[in-house]
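Novice: The structure is given below, and queries will be raised subsequently.
The values are calculated or read from the model by the stated rules, or taken from the named source; none is laboratory data. Only a predicted model underlies this, so the values are computations on that prediction, with no experimental measurement involved. We place every Cβ from the backbone using ideal geometry, glycine too, and count neighbours over all the protein chains shown.
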Amino acid sequence: MRTSEDWHRRDLSHFRRTTGADLFDVHEHFADWLSTARPGGYHLYEAAAHSAPSTSIRMSAHGDALINLASYNYLGLSVRPEVRAAAARALETYGLGAAGSPHLSGLLAVHEELAEAIAAFKAVESVLLFPTGYSANVGTISALVGPGDVVITDILAHASILDGCAMSGATTRLFRHNDCESLEKKLAGTTGRVLVVVEGVYSMDGDVAPLDDIAALCRRYGARLMVDEAHSAFVFGEHGRGVVEHFGVEDQVDIHLGTLSKSLGGMGGYVGGTRQLIDYLRPYSRSQVFSCALAPAVVGGLVEAVRIARDEPQLRAKLWANVHTMREALVSRGVDVGDSASQVIPIMVRDDVGIFPITEELMAEGVFLNPVRYPAVKRNQSRFRVSVSAAHHPDELVRSAEIIATVLARHGVIA
């Protein structure tokens, strides 16, 4: 009889397809596995919070607040009073939802205000909004390329990029992570129309794409370049315009894509570029055309969040000071943080089963972190992912690093 100790012998890959006579046969096998996986700690993938994603968070209705190192709220904007007030005003004016596609009845004046604000911030001619960052990648890529075209992307590209490639019908080729020599080999061996897609900051490793070299290669081989700045827009660069500004290649990037759920603290995605590009994408991006427009309360809050990000550059300065504090506190205690050069700091555990009890102990000690394992990362590359915020107090970060190092040492992850 299977016990709760046996669940780790399988993972999600074992239940993706079924060979049974009935399409639903696999559900029973998955339910059987899940019944033992949950007692083993697998439920931590979906731990429900009972408070806002601020620098402290409650994971139970009556429990103590934990130091929150798991939220994407990089600038702390989702809980700013001004943002909440702007969301409330939009809710009062427009109601709960847009109640329609942006191409029919769902386009509201506040949507246009947000698109114009992001375009001005990113210094592009025009911006198209999407309901999620995922749909922004899927809709943009599948609208721009098709059968006969080629998309070349990093092997660690986000699932939304890979899904957009698959949906487009274009040939997809992968190059080694952040390896320009590998990218050049792919470009040199490709003919026809080519789109190169990379991320500014990679969400599981926190490392930065060498955009200056990538942009130069795209120009040399006549490829178009798309950069997903989900984790870098509003954070990197002198004015917060992202890694494209950090490397000085804004005018060499054809498609600027990002999310509204991270540094701005809301939800949604956007793509920016020339007015001709956006006018073309507007009717052909199916994930935007056939989705309800973003909820007006969220959009109203985002308009204010963009204003704060523009007018308070000290937020970015505070964030980078906190990043330095956290990274130094972890490294000095022997914690492996990989090659992170951003506010996303991985804590490498490399134990796909042992990471769950470590998570429980961290929570018991007062730190909230998510266990990240396959399929989000490769097998035996499990990790925690620290998300540093401008709103964190340095003392919180140092205290968290002490707790993390103590717990990891207790489990033999560090000496």
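Novice: Would you pick out the residues in segment 13-26 that are exposed (fewer than 13 other Cβ atoms within 10 Å of the Cβ) and either outside any loop (DSSP other than H, G, I, E, B) or not polar (S, T, N, Q) (or both)?
Specialist: SER13, HIS14, ARG16, ARG17, GLY20, ALA21, ASP22, LEU23, PHE24, ASP25
Novice: Checking ALA119 against (1) outside the structural domain of LEU294 (by TED's automatic domain parsing); (2) crowded, with 17+ Cβ neighbours inside 10 Å, which test does it fail?
Specialist: (1) is the only condition that ALA119 fails.
Novice: Please pick out the residue among VAL249, VAL235 that is buried (at least 24 other Cβ atoms within 10 Å of the Cβ) and under 22 Å from TYR202 (Cβ atoms).
Specialist: On inspection, the qualifying residue turns out to be VAL235.
Novice: Quick check on segment 141-157: of everything there that is of a type outside the set (Val, Ile, Thr) and touching a helix residue (DSSP H, G or I) at 6+ places or on another chain (Cβ under 7 Å), which residue is nearest to VAL197 (Cα to Cα)?
Specialist: Taking the candidates together, the pick is SER142.
Novice: Being among the β-branched types (Val, Ile, Thr) and assigned to a helix (DSSP H, G or I) is the filter; apply it to segment 67-100 and report the residue that is nearest to LYS318 (Cα to Cα).
Specialist: VAL79
Novice: Also, quick follow-up: Determine which single condition TYR202 fails, assuming it passes every other condition in (1) surrounded by fewer than 17 Cβ atoms within 10 Å (Cβ to Cβ); (2) in contact (Cβ under 8 Å) with a residue 24 or more places away in the chain.
Specialist: Of (1) surrounded by fewer than 17 Cβ atoms within 10 Å (Cβ to Cβ); (2) in contact (Cβ under 8 Å) with a residue 24 or more places away in the chain, only one is false for TYR202: (1).
Novice: Could you count how many residues in segment 315-345 are part of a helix (DSSP H, G or I) and either assigned by TED's automatic domain parsing to the domain that holds LEU129 or under 22 Å from the mean Cα position of the chain (by Cα) (or both)? Spell out how you get there, then give the answer.
Specialist: Pass one, segment 315-345, residues part of a helix (DSSP H, G or I): 315-331.
Within this subset, residues satisfying the condition of being either assigned by TED's automatic domain parsing to the domain that holds LEU129 or under 22 Å from the mean Cα position of the chain (by Cα) (or both) are 315-324, 326-327.
Selection size over segment 315-345: 12.
Novice: Right, next: What pairs come out if I take residues in segment 300-316 that are within 13 Å of ALA115 (Cα to Cα) and pair them with residues that are among the acidic types (Asp, Glu) whose C-beta lies under 6 Å away, six or more apart or interchain?
Specialist: VAL303/GLU113; GLU304/GLU82
Novice: Counting only residues that are part of a helix (DSSP H, G or I) and without any contact (Cβ under 8 Å) to a residue 24 or more places away in the chain, which one in segment 101-112 is farthest from VAL127 (Cα to Cα)? So that I can check it myself, show each step before the final result.
Specialist: Here is the first cut: in segment 101-112, the residues part of a helix (DSSP H, G or I) are 109-112.
Of the ones still in play, those that are also without any contact (Cβ under 8 Å) to a residue 24 or more places away in the chain are 109, 112.
On the way: ALA109: 14, GLU112: 9 Å.
Of everything passing the filter in segment 101-112, ALA109 is farthest from VAL127 (Cα to Cα).
Novice: Further question: Looking at (1) charged (D, E, K, R); (2) surrounded by fewer than 22 Cβ atoms within 10 Å (Cβ to Cβ); (3) part of a helix (DSSP H, G or I), find the lone condition where ASP352 falls short.
Specialist: Unmet condition: (3).
Novice: Turning to a different aspect of this structure: Please tell me if ALA364 is of a type in the set (A, V, I, L, M) and surrounded by fewer than 15 Cβ atoms within 10 Å (Cβ to Cβ).
Specialist: Here the answer is yes, as ALA364 does meet what is asked.
Novice: Taking the condition outside the structural domain of ASN370 (by TED's automatic domain parsing), among the β-branched types (Val, Ile, Thr) and at pLDDT 80 or above, does THR36 pass?
Specialist: Considered against the rule, which asks whether it is outside the structural domain of ASN370 (by TED's automatic domain parsing), among the β-branched types (Val, Ile, Thr) and at pLDDT 80 or above, THR36 comes out as yes.
Novice: Given (1) free of Cβ contacts under 8 Å to residues at least 24 places away in the same chain; (2) touching a strand residue (DSSP E or B) at 6+ places or on another chain (Cβ under 7 Å), identify the lone condition not met by GLY189.
Specialist: Among (1) free of Cβ contacts under 8 Å to residues at least 24 places away in the same chain; (2) touching a strand residue (DSSP E or B) at 6+ places or on another chain (Cβ under 7 Å), the lone unmet condition for GLY189 is (2).
Novice: Could you check segment 133-248 for helices (runs of 4 or more DSSP H) lying wholly inside it with 3 or more residues that are at pLDDT 95 or above, hydroxyl-bearing (Ser, Thr, Tyr) and out of contact with any Phe, Trp or Tyr (no Cβ under 6 Å at 6 or more places or on another chain)?
Specialist: Counting at least 3 such residues, we get 133-144.
Novice: Of everything in segment 51-66 that's in contact with a Lys or Arg (Cβ under 9 Å, 6 or more places away or on another chain) and assigned to a loop (DSSP other than H, G, I, E, B), which residue is farthest from ALA230 (Cα to Cα)?
Specialist: Initial filter on segment 51-66 (in contact with a Lys or Arg (Cβ under 9 Å, 6 or more places away or on another chain)): 51, 64-66.
From what's left, assigned to a loop (DSSP other than H, G, I, E, B): 51, 64-65.
On the way: SER51: 24, ASP64: 31, ALA65: 28 Å.
Here the residue is ASP64.
Novice: Among the residues of segment 94-114, what is the count of those that are under 17 Å from ARG282 (Cα atoms) and buried (at least 19 other Cβ atoms within 10 Å of the Cβ)?
Specialist: 4
Novice: Also: Based on this model, can you work out whether SER182 counts as closer than 20 Å to THR259 by Cβ and surrounded by fewer than 23 Cβ atoms within 10 Å (Cβ to Cβ)?
Specialist: no
Novice: Considering only segment 65-99, state which residues are at positive phi and at pLDDT 95 or above.
Specialist: GLY76, GLY95
Novice: For segment 376-391, check the following and say yes or no: at least one residue is at pLDDT below 95, exposed (fewer than 15 other Cβ atoms within 10 Å of the Cβ), hydroxyl-bearing (Ser, Thr, Tyr) and assigned to a loop (DSSP other than H, G, I, E, B).
Specialist: No, segment 376-391 has no match at all.
Novice: Considering (1) surrounded by fewer than 16 Cβ atoms within 10 Å (Cβ to Cβ); (2) out of contact with any helix residue (DSSP H, G or I) (no Cβ under 6 Å at 6 or more places or on another chain); (3) more than 22 Å from HIS43 (Cβ to Cβ), say which one PRO394 fails and leave the rest.
Specialist: (2)
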